Amino acid sequence: MPKDSLRELYIDELKDLYNAETQLVKALPKMAKAASNDQLRQAFEEHLRQTSEHVSRLEQIFETLEEKPSGKKCLGMEGLVKEGSETMKENYTGDVKDAAIIGAAQRVEHYEMAGYGSVRAFAELLGETEHVSLLQETLNEEKQADEKLTQLAEEINASAEQAGSSMAEPSRETFAKGKTKRAA
């Protein structure tokens, strides 16, 4: 039977987000463990707490809709989590690994922001004002998590670049001392 109502789409999208959030509840502890930067680890731990609240808010919405949250697999989040997992297995170390993890985490945040923005708009059109406020609260937290990751990235990426450039080529000082010049 074809689905032809915005309400059906809204429920499907909510189920997709619910599955995405439950996948993240499993992935975030792994990201926290892989992070070498304490602030990054703490950011992942805090976002895990928030993600559990996101799941609870979605469950509240499903309860008012008299629908079950299960039944849909979020393939987009599955791909993002898999990509993040592969990133953590790479041979990157220290700040470079943290920079890679931040990139993977920000892709997740942007995916979630898009999803929550869409369902919030649907809820508004459907007159679900209680849902709108719950979804907006989650959307705000996703945006804050992304902003926190951006702040951490500015510091961590700079450290990663410094570590890489100091290892990649000898300094000018080394050349000036003649240690790497060939004798003529």
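The values are calculated or read from the model by the stated rules, or taken from the named source; none is laboratory data. None of these values were measured; they are calculated from a predicted model. Counting neighbours? That spans all protein chains shown, and the Cβs are built from the backbone with ideal geometry, glycine included.
Odds and ends about this structure:
- Every pair of residues 6+ apart whose Cβ atoms lie under 9 Å, when the first sits in the range 137-162 and is buried (at least 18 other Cβ atoms within 10 Å of the Cβ) while the second is not in a helix (DSSP H, G or I): LEU152/ASN37; ILE156/ASN37; ALA160/TYR92
Yes or no, residue by residue, for (1) modelled with pLDDT under 95; (2) in contact with a helix residue (DSSP H, G or I) (Cβ under 7 Å, 6 or more places away or on another chain); (3) among the acidic types (Asp, Glu); (4) over 21 Å from ALA114 (Cβ atoms):
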residue	(1), (2), (3), (4)
GLU13	no, yes, yes, no
LEU17	no, yes, no, no
GLN23	no, yes, no, no
PRO29	no, yes, no, yes
LEU40	no, yes, no, yes
GLU45	no, yes, yes, yes
GLU53	no, no, yes, no
SER56	no, no, no, yes
ILE61	no, yes, no, no
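- Residue count, the range 104-134 (criterion: without any contact (Cβ under 8 Å) to a residue 24 or more places away in the chain, of a type in the set (Gly, Ala, Ser) and part of a helix (DSSP H, G or I)): 4
- When the range 85-100 is filtered for residues that are in contact with an Asp or Glu (Cβ under 8 Å, 6 or more places away or on another chain) and basic (Lys, Arg), only LYS97 remains.
- Among the residues of the range 19-70, the one identified as surrounded by fewer than 20 Cβ atoms within 10 Å (Cβ to Cβ) and aromatic (Phe, Trp, Tyr) is PHE62.
- Condition broken by SER85, with the remaining ones in (1) outside any helix (DSSP H, G or I); (2) farther than 18 Å from ILE11 by Cβ; (3) in contact (Cβ under 8 Å) with a residue 24 or more places away in the chain; (4) not aromatic (Phe, Trp, Tyr) satisfied: (1)
- Filtered residues of the range 39-75 (kept if in a helix (DSSP H, G or I), of a type in the set (Lys, Arg) and either more than 23 Å from the chain's Cα centre (by Cα) or closer than 30 Å to ARG7 by Cβ (or both)): ARG57
- Hits in the range 67-106 - residues which are of a type in the set (S, T, N, Q) and closer than 26 Å to HIS131 by Cβ: SER70
- Residues within the range 1-38 that are of a type in the set (Lys, Arg) and outside any helix (DSSP H, G or I), tallied: 1
- Selection count where residues are of a type in the set (Ser, Thr, Tyr), in contact with a helix residue (DSSP H, G or I) (Cβ under 8 Å, 6 or more places away or on another chain) and modelled with pLDDT under 95, scope the range 86-124: 2
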